[in-house]
Each structure stands twice: as C-alpha cells, then as structure tokens.
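Single-structure report; data block below.
The values are calculated or read from the model by the stated rules, or taken from the named source; none is laboratory data. What you are looking at is a predicted structure, and each value in this text was computed from that prediction instead of being measured. Neighbour counts are summed over all protein chains in view; Cβ atoms, including those assigned to glycine, are modelled from backbone coordinates with ideal geometry.
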Amino acid sequence: MHYSQFFEDQISGLKSEGRYRVFTEIMRRVSHFPEAAQFTGQGIRDIVVWCSNDYLGMGQHPDVIAAMHEAIDLCGAGAGGTRNISGNNRFHVLLEQELADLHDAEAALLFTSGYTANMTTLMTLGAAIPGCIIFSDSQNHNSMIEGIRHSRAPRQIFRHNDVAHLESLLAAAPINAPKLIAFESVYSMDGDIAPIAKICDLAEKYNAMTFLDEVHAVGMYGAHGGGVSERDGQSSRLTFIQGTLAKAIGVHGGYVAGSRASIDFIRSFGQGFIFSSAMPPAVAAGARASIQYLKRHPEIRDRHQERAETLRRKLQAADLPVIITDSHIVPVLVGDATRCKKASDLLLEEHGIYIQPINYPTVPRGSERLRITPTPLHTDAQMDALVDSLQTVWAKLDLKMSA
Ligand SMILES: *Cc1c(COP(=O)(O)O)cnc(C)c1O
C-alpha cells in the first residue's frame, strides 16, 4: 500500500465536501474576553470571539487565576503520577468534594477530560454488568457513543428526547435485564433540553440506571450551577451525573458524580481513570475556585440567559434564520457546508468576528450552521456589530433569511 497516497486521498475527500477543518489561531486576552488576537499570515489582528465554550468567561476570572497561581507555587506543575501511584494531590480530593456537593451526590471522580469521563464510565458499566442493555439518545455526544460501543453491551437508540419511544424500547426489553439510560441535559448543537424528570420516572418504572451528561449545563443552570438536574429538582434521582471543567467552569478536566458505591466502582475498574496520570493540581485548584464562585453567584447565570435572549431578539428582528431554543445556545442556520465555511471566513476576514462553522458529522447534512454562544461579557454594541456583519455576509452569499 502507498500510505501517504491513502492519507492524502482521505484529506482530498474532506476538502471536496467543504469539510476540511482549518484551525483559527488565536490568543485569548485576560480581562478582555471575548476579545482576542488572531494570528494570520499577514500579522496579528483584533477579533471578537462568538463561539467559545468558556460560556461564562470563567477562564479569566481573577479567583480562578489566583487559585491556579497559588497552587503552582505550592505544588509545582504536574501531578507526578496516576491517582494510585503518587499523583493523588490534596487539590484533587477537595475538587471531588466540591463536585459531589454541587450535584447533591455522595461522591465524584475526576478524569483528565469530559470525553474520558463519558467514555470510561459507560464502557466500564456496559462491559462489567452482565446482560446490561444501554438505551442511548440518538443525539448523544461522540464520547458517549464510543463508550457504549467499546463496552460491547447491546444498545438501543431512542429518538431524540422522545419519552414515548424510550418507554416502548424499555417495555420491550426483558424485565429482569439490567438497564442504563444515557442522555444529555442541554444538547449543544440545537440547544434543546431533555425532559429529565420524565426520563427519571421511566427509569424508576423499569428499574433502569440513568447517566446524564450535563457538560453544557454545569455552572449555567440551577440555583448553584448544578445543571438542569438541579434546576428541575432531579439531581438526587440520577444514578450518574457527568460534566466537564473545560466549558462554563473555564479550566480543564471532566468528572462523574453519583453514589459512594457506584463511584468507587468506576474508580476501581475504569481503565481510562486508572491508567492515566492525574490532572495538574493547579488545574484542580482553578476548577474548584470557579465552582465555588459560581455556586455563590446566581446573577451571572441570569445575565447569561438575558444575553442569549437579547441576541435572539436582535437576530429575529433582522430576519436572520436563528433557531429558537430554551437555552444559552443561539444557532443560525446556513444549510450547506461550503457556504457555511465561506460565511465564517468572511465574518472573520472582513468583520473581525469569529464563529466557527459547524458541519457534518457534528450536525446532519443540510443543517450546517453558525453556532453562536453569547456570554455575560458580550456587550450590546458587540451584538449590534455582529447582527450588521451577519446581514452583510448573508446578502453577499445570497443565503436564506428566516422563513
Ligand atoms: C465537549 C463535550 C464533552 C467532552 O468534554 P471535554 O471536557 O471537552 O472532553 C462531552 N460531552 C459533550 C456533550 C460535550 O459537548
């Protein structure tokens, strides 16, 4: 086989479909978020970031930065090992206590990323529990899909957020078979929200465990930022709540929370946990400071929702095809991969506005979009400039306005 020819052919395929990914090189600026510098072939220029998953700007919060500096001065850079072999730092333990408290759970377990948390937990459960059937929402994130696939447990996919379909699948399964329902709270591409209470009702009725990915909700929903499960009063009904420390928390890492026994089980059998070095202590310290701040400051969540609502109204008033959701995510539909990429390029090059295009396979073909994530730090003036620029680009590319 001609190996390099193979690699090049694969890449050409992506390019001809308009799906080839080009990374935008930026440098985020402390105390100026969402402004950043972009590094181009022609030099450095100022841009406004509209697609960050640092949803609340906590990545630059003074409390978080101070906690990280302090921890580096105390402990140095890396953890020095896996949790089992010399890497179990005090800051990891404190962060797990903070996370258990956030989700009204008995225990929590840290992973090096949210991806690993999903993959390892689902893979471990599905592989270890004899005869376990996993019921998975059709729009679950790749990290859950891969975890379920690698567990080799039988998998049943229910239609997205469709409780009736989920029930029909649960009812058709052997009554005594162990069952696990895996789903998300806020789905990140459409910004819609799962009926958590109804899914918990079904889990009780059919004696199933539940696994809820709250990655796009922790820090942002609930009185203390415990996610949609906290907002809906469901935290204690879920078997596992999974989250990331890299989005609204603004730092890095992932976790699962649950009962003492279930978390001890993942800690003891999850290979993606056991065989990977612990996160740097300063990362754990920063995440803990961020969560502590977010627990005490509900007003940042109110401001976040207000900003999303204001942007939606401005886009609607300008006849731009915004998808209306109940969350902080504001998608604008383009419906074609090449033109979606082109729109994004024009916004960046001609208007200094950075919104990464979202194409297949992240979203279905025909629903390619610009996914906008306004934060509490985006101003009205920045929103007006965004709307003007979108209108200019829409006219230039002859894109569809709202129906
Ligand atoms: C980003 C994401 C993850 C992975 O979290 P990381 O900490 O970035 O690895 C898991 N689930 C969903 C739904 C996500 O969007």
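Of all residue pairs spaced 6 or more apart or on separate chains, those with beta-carbon atoms under 7 Å, a first member in the stretch 230-256 that is closer than 17 Å to residue 98 by Cβ and of a type in the set (Phe, Trp, Tyr) and a second member that is more than 10 Å from the ligand (Cβ to nearest atom) and modelled with pLDDT of 95 or more are 255/99; 255/108; 255/109; 255/110.
Do you know which of the residues in the stretch 25-54 that are in a loop (DSSP other than H, G, I, E, B) and touching a helix residue (DSSP H, G or I) at 6+ places or on another chain (Cβ under 7 Å) is nearest to residue 374 (Cα to Cα)?
Kept after step one, since they are in a loop (DSSP other than H, G, I, E, B), are these residues of the stretch 25-54: 25, 29-34, 41-42, 50-54.
Okay, now just the ones that are also touching a helix residue (DSSP H, G or I) at 6+ places or on another chain (Cβ under 7 Å), so 30-31, 33, 50.
Working: 30: 18, 31: 17, 33: 11, 50: 6 Å.
By that ranking, first place goes to 50.
Considering the stretch 201-214, and only residues there that are hydrophobic (A, V, I, L, M, F, W, C) and under 18 Å from residue 263 (Cα atoms), the residue that is nearest to the chain's Cα centre (by Cα) turns out to be 212. I need every pair where a residue in the stretch 24-47 that is on the phi > 0 side of the Ramachandran plot and touching a residue at least 12 places away in the same chain (Cβ under 8 Å) has its Cβ under 8 Å from the Cβ of a residue that is surrounded by 11 or more Cβ atoms within 10 Å (Cβ to Cβ) and part of a strand (DSSP E or B), sequence separation at least 6 or different chains. Nothing qualifies.
When the helices (runs of 4 or more DSSP H) confined to the stretch 112-198 are screened for residues that are within 16 Å of the ligand (Cβ to nearest atom) and in contact with a Leu (Cβ under 7 Å, 6 or more places away or on another chain), those reaching at least 2 such residues are found at 142-151. Across the stretch 85-100, the number of residues qualifying as loosely packed, with under 14 Cβ neighbours inside 10 Å, within 14 Å of residue 255 (Cα to Cα) and either among the polar types (S, T, N, Q) or under 22 Å from the mean Cα position of the chain (by Cα) (or both) comes to 1. Answer yes or no: is there a residue in the stretch 230-251 that is of a type in the set (D, E, K, R), within 13 Å of residue 110 (Cα to Cα) and assigned to a helix (DSSP H, G or I). No, that holds for no residue.
Starting from residues that are surrounded by 15 or more Cβ atoms within 10 Å (Cβ to Cβ) and charged (D, E, K, R), keep the ones in the stretch 1-56 and report whichever is nearest to residue 290 (Cα to Cα). The residue in question is 54.
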